[in-house]
Every structure is written in structure tokens, then in C-alpha cells.
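The values are calculated or read from the model by the stated rules, or taken from the named source; none is laboratory data. Bear in mind that the values here come from a model prediction, so they are computed numbers and not experimental data. Neighbour counts are summed over all protein chains in view; Cβ atoms, including those assigned to glycine, are modelled from backbone coordinates with ideal geometry.
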Amino acid sequence: MGTTLKRIIIAGWQDFSRDGGIAVATIFILVMVIFLASTIFLSKDISQFLITSLQEKADISVYFKEFVLENDILKIKEKLSQVPEVKNVEYVSKEEAIRRLVEKHPQLIESVQETEGMLKLAALNISVFEANQYQAVVNFLENSNFKDSIDFVDYSQRKPVIERIFSLTSLATKTGIFLSIILIITAILVTFNTIRLAILNSIEEIKIQRLVGASNWFIRGPFLVQGAIAGMIAVLISLSIFSLLIWFLSPKIEFFFAGLNLFNLFMKNFWILLLIQFSTGILLAVISSTIAIRKYLKV
Amino acid sequence: MVKFQNVTKIYPARLPEPRAQASGGPASFSGLKDTAALENVSFEIKEGEFISIVGRSGAGKTTLLKLILLEEKPTKGRIFFEGEELAKIKPGKLPELRRKIGAVFQDYKLLASKTTYENVAYVLQVIGASDLEIARNVPKVLEIVGLQDRADNFPAELSAGERQRVSIARALIHRPKVILADEPTGNLDPYNTLDIIKLLLKIHEMGGTLVLATHNKEIVNSLGKRVITLEKGKIIRDEERGRFIL
């Protein structure tokens, strides 16, 4: 058993190293596929980050009447946090509201005195999980025992924008999933066909091996070994290229999307990514070889 | 050792239409007829014999050897190898049968990606011989066929005669029960033909059982061994110390 396994591995390596052109073509296709699988995996996290940051911009504000004390507003905040639809509640005091306005529009610093009259209301910024849940939150506020403390809720003004953001992010998620599935299926088919063509080249040898009494495993084994070697080399190549690209692109992407550090994301997911790459590269090559060779073993 | 009992092999002219197949109709189609490669063939190969199977091209020589190697299955009749009926051998046991047979083909059938040494050693690897046995036996056999200096060459780097000698070395390295040689000299010039026949005779003298399919009259007549003559798939003559007569 051990001798046979050793012979299968040696034969696999010999065939792989003597088969230059075909081996290079197989590795090239596998690198593409592994690269694609890694990109799809990382883009899931990136798009989640972008979607979340976009959704965070979609919130409603509840403004409280001037006489309402901060303590009471915090108690209301506590109650709101317990509403299942509510994702996040943030308290913004009138001082904080002014500070944010000045920070966003520094040119207004001199007219703060004038704008203060307009911004002196404290508020709670509420965000929910789905766009259609805002109405439920508004209903909750209107029927609550603290409705008299509320000056106004800006939901009706912000409703069109909120719904647009949510429909866009939902469309982006669905498109992403659809594209990923299409790309993965294409990649699998391309890999399978490349390996099938490589094996097609060896039909005559397979027939001869059968005629001299080689068992199916003794014939199939070296092809699987070749697949595994091609897969491993492809993983090493794609991991190197991927790491370099991430390292190079990460600062540039962070410049455009503040808070999105691609390199950290890559390092955080490194082991999972490595597992995905290995399983994509090696399993795909080995499974494709097994399927492709099956019908030629019936001589 | 090998016994043919009323063996017939028919190659269908073409796949029958589904309707004809379902109703058990004939396998002919659009005027094309089935080809009977062998018809009602019966004979026996005894241990240590050197048999020449002769006949014109298309007489059924290759089909006969393919049936022994279980590359093909008979349409009718039974074939026995060492008392075991070939039709009853399960696909998983097929390699075991083939390991008992050495085969030499007209087109050599060498593994193009392996060297001379590796081609010969492959059969020993297949039967599970140890590395030591391989290292000891392969050079000896290469010496018998006169290829000790070509051990590291790939088939593409060898002449036709040399390739056929590799093929013979591969066929005898594991001491098979019988060696089947299908037109082994078909692609060779007279000098190489003579070398190959001398080699086959040498194997026979060492106790090997050989079946040689050929349409080379001179070779058959010079051997002076048993000759089975096929014509249109039928045995028309089976003589001890026979001659090539058609």
C-alpha cells in the first residue's frame, strides 16, 4: 500500500514536470479561479461595510420640545432601544448638534449665534434594520406616553431618501450574490474543461495502462497527484499576487472609503482565505480530474 | 491454458434505431450489414506452445487476440483462461487477468511520457514488485532485448525496431503465462523483423507460451511451429508444424 502510494506520487510528479505546457495552462486557469474566489470572499465583507455605512446615513431624528430635560430624553432613548425594530439610537444634545454643524460647514462659525436659534432642540437619531420599519417606530412614538415631549419627527421629510437608500443597498446585495454565483459556476466549468482537455491528451496512455493490467487507482492516482500539485502551485501564486495587490491598494482604497482598511480585512480573514484558496485550488483540480478520467477507465 | 469454444464475434454495422432495438429487431440499418470478425471458432492453446495465427488483413487475427485480452467480448461462445471463463470475470478483476498476459502490438503502445526503463518497470510496479526486484530485473531484460544503452531514452527518441524491442521487454518482464504478439513486425524492415522473431523464439525456448498473429509468410514458414489459418473469421486450417497457405 505504502509502496503503491509512493509510486503514484512519484508518477504524478514525473508526469506533471514532463508535461510543461499543459501544466502551465492548468495552473494559469486555477490561479484565475482562486483569485476570483478570494475576491468574491473579500468583496462580501467590503460590500457589507459599504452597505452598512450607507444604511447608517439613513436615519430619522426625533426632536424634543425645549422644556424636556436631558434625563427624560435618555430614559426615552432607553425605551426606544428595547423596540425590536430599532437598530441604534443616538442622543444628540443641542450643543452636539451645533458642534457637528460647525465641523461640517466651518464657514458657518461666525453665524452660529444666528443658527443656534434654529438648532436648540435636542434629538434622538434612530436607525432601524429595514426601511419599512421606520413607520412602526413612528407609530410607536405617536402612541407613547411621552408623545407630548416630542416637538416633531422628520420621517415624512426623509422618507423618500431612506427608501431609496434601502432599495439601492438591497439591489446591490442581490446583484452581488447573483454575480458571484455566475462567476463561480463559470470558473468551475472552465477549470473542469481545462483539466478534461489535459486528460484527453492522455487517453492513449490510459488505454495502454489498462491493457498492461494497471488497476483504476494506479491509473487515476497520478492524475489526482498532478491536479493537487497544480492546485498547490496555483494557491501559492495567487496568494502572493493577492497579498501584494491588497498591500498596494489598501491605502488608496482607504483614502476613498474612510474606515475601510483592506489590508486589515485581509489579515483578519487570512486563514479562512487560505482555506478557501486551498479548497478551491486543490479540490477543484482533484474533483475535475476524477470526473474527467472516469469514462476513460472502461477499456 | 486458453480455450475457445464456438466463439463468434460480430461487430454491429451501426447502432440500431430505438424501435428496432426495443422490438429485438436486427442490428442492421440502412442496408449496412453487421461484420462477423470471428465465426464459430474453437481451438486450444497449450502451455509452452508457439502458435502463429495467420490470415489476410481483416481475417480476424487481431479480434482473436483482443478477445483473450478482454479488450472485446464475444457475441457468442465461451473463452477460458486457465480454466476460468473470461465472460464471468468482473471488471474489478480484469487487471489481474491482464497481468498474466504479455502483449506486443504492431503500434508498440508504449507510454510516451516514460523512458524505456520506466516503460518496462511500469508493469512490475503494476503487479506490486519491490523496488529491489525492479532494479534487478529491468536491466537484465533490457540486456536480453539489446537496449541497455537506451534505458533513459523516451519512445520518441527510439527507432521503430527499438520501440518494438521495448514493447517485447515490457511483455516478458513479469513472466506472464502467455505472450500475445499482434503483427509485431508489421512496421519493421527485414533486419529488425529478423531480430524480433529471434527474440520471440528465445522467449519460447525459455519456456514461454506465445501467440503470434501475422500475415508475414516467410516468418511463419521459417518457424516450423503450429499454425492456425483464419479466413473471413473462420478457422480453415490448424496444423502442428504448419505453413502459411492461403
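Conditions tested, residue by residue: (1) more than 14 Å from chain A (Cβ to nearest Cβ); (2) exposed (fewer than 13 other Cβ atoms within 10 Å of the Cβ); (3) modelled with pLDDT of 95 or more.
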{"position": "B:Ser42", "(1), (2), (3)": "yes, no, yes"}
{"position": "B:Leu67", "(1), (2), (3)": "no, no, yes"}
{"position": "B:Lys73", "(1), (2), (3)": "no, yes, no"}
{"position": "B:Ile89", "(1), (2), (3)": "no, no, no"}
{"position": "B:Phe105", "(1), (2), (3)": "no, no, no"}
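Within region A:109-130, the residues that satisfy the criterion of being modelled with pLDDT under 75 and surrounded by 14 or more Cβ atoms within 10 Å (Cβ to Cβ) are A:Thr115, A:Glu116, A:Leu119. Being in the same structural domain as A:Val24 (by TED's automatic domain parsing), closer than 20 Å to A:Leu42 by Cβ and of a type in the set (Phe, Trp, Tyr) is a property that does not hold for A:Phe218. If you go through region A:12-31 one residue at a time, do you hit one that is closer than 24 Å to A:Ala187 by Cβ, among the acidic types (Asp, Glu) and surrounded by 15 or more Cβ atoms within 10 Å (Cβ to Cβ)? So far as region A:12-31 goes, yes, one or more of its residues are closer than 24 Å to A:Ala187 by Cβ, among the acidic types (Asp, Glu) and surrounded by 15 or more Cβ atoms within 10 Å (Cβ to Cβ).
When A:Trp271, A:Trp247 are checked against the criterion of being of a type outside the set (D, E, K, R) and touching a helix residue (DSSP H, G or I) at 6+ places or on another chain (Cβ under 7 Å), a single residue qualifies: A:Trp247.
When you look at A:Gln157, is it of a type in the set (S, T, N, Q), in contact with a helix residue (DSSP H, G or I) (Cβ under 9 Å, 6 or more places away or on another chain) and closer than 30 Å to A:Glu66 by Cα, yes or no?
Details: of a type in the set (S, T, N, Q): yes; in contact with a helix residue (DSSP H, G or I) (Cβ under 9 Å, 6 or more places away or on another chain): no; closer than 30 Å to A:Glu66 by Cα: yes.
No.
In this structure, A:Leu239 qualifies as assigned by TED's automatic domain parsing to the domain that holds A:Val31 and crowded, with 17+ Cβ neighbours inside 10 Å.
What tally of residues in region A:205-223 results from selecting those that are within 17 Å of A:Phe16 (Cα to Cα) and more than 8 Å from every other protein chain (Cβ to nearest Cβ)? Residues in region A:205-223 being within 17 Å of A:Phe16 (Cα to Cα) and more than 8 Å from every other protein chain (Cβ to nearest Cβ): 6 in total.
For region A:184-200, the count of residues that are at pLDDT 80 or above, closer than 30 Å to B:Val104 by Cα and within 14 Å of chain B (Cβ to nearest Cβ) is nonzero. Would it be correct to say that A:Leu262 is under 22 Å from A:Ser47 (Cα atoms), assigned by TED's automatic domain parsing to the domain that holds A:Ile46, surrounded by 19 or more Cβ atoms within 10 Å (Cβ to Cβ) and under 15 Å from the mean Cα position of the chain (by Cα)? Spelling it out, A:Leu262 is indeed under 22 Å from A:Ser47 (Cα atoms), assigned by TED's automatic domain parsing to the domain that holds A:Ile46, surrounded by 19 or more Cβ atoms within 10 Å (Cβ to Cβ) and under 15 Å from the mean Cα position of the chain (by Cα). When A:Phe49 is tested against (1) in contact with a Ser or Thr (Cβ under 7 Å, 6 or more places away or on another chain); (2) in contact (Cβ under 8 Å) with a residue 12 or more places away in the chain, exactly one condition is not met: (1). Of all residue pairs spaced 6 or more apart or on separate chains, those with beta-carbon atoms under 8 Å, a first member in region B:120-134 that is within 7 Å of chain A (Cβ to nearest Cβ) and a second member that is in a helix (DSSP H, G or I) and among the aliphatic types (A, V, I, L, M) are B:Gln125/B:Ile134. Confirm whether B:Lys217 is more than 22 Å from B:Ser57 (Cβ to Cβ), more than 13 Å from the chain's Cα centre (by Cα) and either of a type in the set (Val, Ile, Thr) or away from every other protein chain (no Cβ under 14 Å) (or both). Considered against the rule, which asks whether it is more than 22 Å from B:Ser57 (Cβ to Cβ), more than 13 Å from the chain's Cα centre (by Cα) and either of a type in the set (Val, Ile, Thr) or away from every other protein chain (no Cβ under 14 Å) (or both), B:Lys217 comes out as no. Among residues of region A:203-219 that are in a helix (DSSP H, G or I), those with a beta-carbon under 6 Å from a residue that is of a type in the set (D, E, K, R) at least six positions away or on a different chain give the pairs A:Ile208/B:Lys109.
Taking each residue of region A:149-175 that is free of Cβ contacts under 8 Å to residues at least 12 places away in the same chain and looking for partners that are exposed (fewer than 11 other Cβ atoms within 10 Å of the Cβ) and polar (S, T, N, Q) with beta-carbon atoms closer than 7 Å, six or more apart or interchain, yields nothing. When restricted to residues that are among the charged types (D, E, K, R), over 12 Å from the mean Cα position of the chain (by Cα) and either in a loop (DSSP other than H, G, I, E, B) or within 30 Å of A:Ser279 (Cα to Cα) (or both), region A:34-87 contains 4.
Can you tell me which residue within region A:151-183, out of those that are β-branched (Val, Ile, Thr) and touching a Leu at 6+ places or on another chain (Cβ under 8 Å), is surrounded by the most Cβ atoms within 10 Å (Cβ to Cβ)? By that ranking, first place goes to A:Val153. Tell me, please, whether a residue that is small (Gly, Ala, Ser) and outside any helix (DSSP H, G or I) can be found in region A:160-176. No. When B:His174 is tested against (1) surrounded by fewer than 18 Cβ atoms within 10 Å (Cβ to Cβ); (2) in a loop (DSSP other than H, G, I, E, B); (3) within 14 Å of chain A (Cβ to nearest Cβ), exactly one condition is not met: (1).
The single condition from (1) within 11 Å of chain A (Cβ to nearest Cβ); (2) within 22 Å of the chain's Cα centre (by Cα); (3) within 16 Å of B:His174 (Cβ to Cβ); (4) part of a helix (DSSP H, G or I) that B:Lys93 fails is (3).
Criterion first (in contact with a Pro (Cβ under 9 Å, 6 or more places away or on another chain) and in a helix (DSSP H, G or I)) does A:Phe278 satisfy it?
Values: in contact with a Pro (Cβ under 9 Å, 6 or more places away or on another chain): no; in a helix (DSSP H, G or I): yes.
Taking the combined requirement at face value, the residue does not satisfy it.
Is it the case that some residue within region A:240-250 is within 14 Å of another protein chain (Cβ to nearest Cβ), within 26 Å of A:Ile29 (Cα to Cα) and either in a helix (DSSP H, G or I) or modelled with pLDDT of 90 or more (or both)? No, the conditions are met nowhere in region A:240-250.
Just wondering, is there one or more residues in region A:224-232 that are part of a helix (DSSP H, G or I), surrounded by fewer than 19 Cβ atoms within 10 Å (Cβ to Cβ), more than 14 Å from chain B (Cβ to nearest Cβ) and at pLDDT 85 or above? Scanning region A:224-232, I find at least one residue that is part of a helix (DSSP H, G or I), surrounded by fewer than 19 Cβ atoms within 10 Å (Cβ to Cβ), more than 14 Å from chain B (Cβ to nearest Cβ) and at pLDDT 85 or above, so the answer is yes.
When the residues of region B:75-87 are filtered to those that are touching a residue at least 60 places away in the same chain (Cβ under 8 Å) and not in a strand (DSSP E or B), the one that is nearest to the other protein chains (Cβ to nearest Cβ) is B:Glu82.
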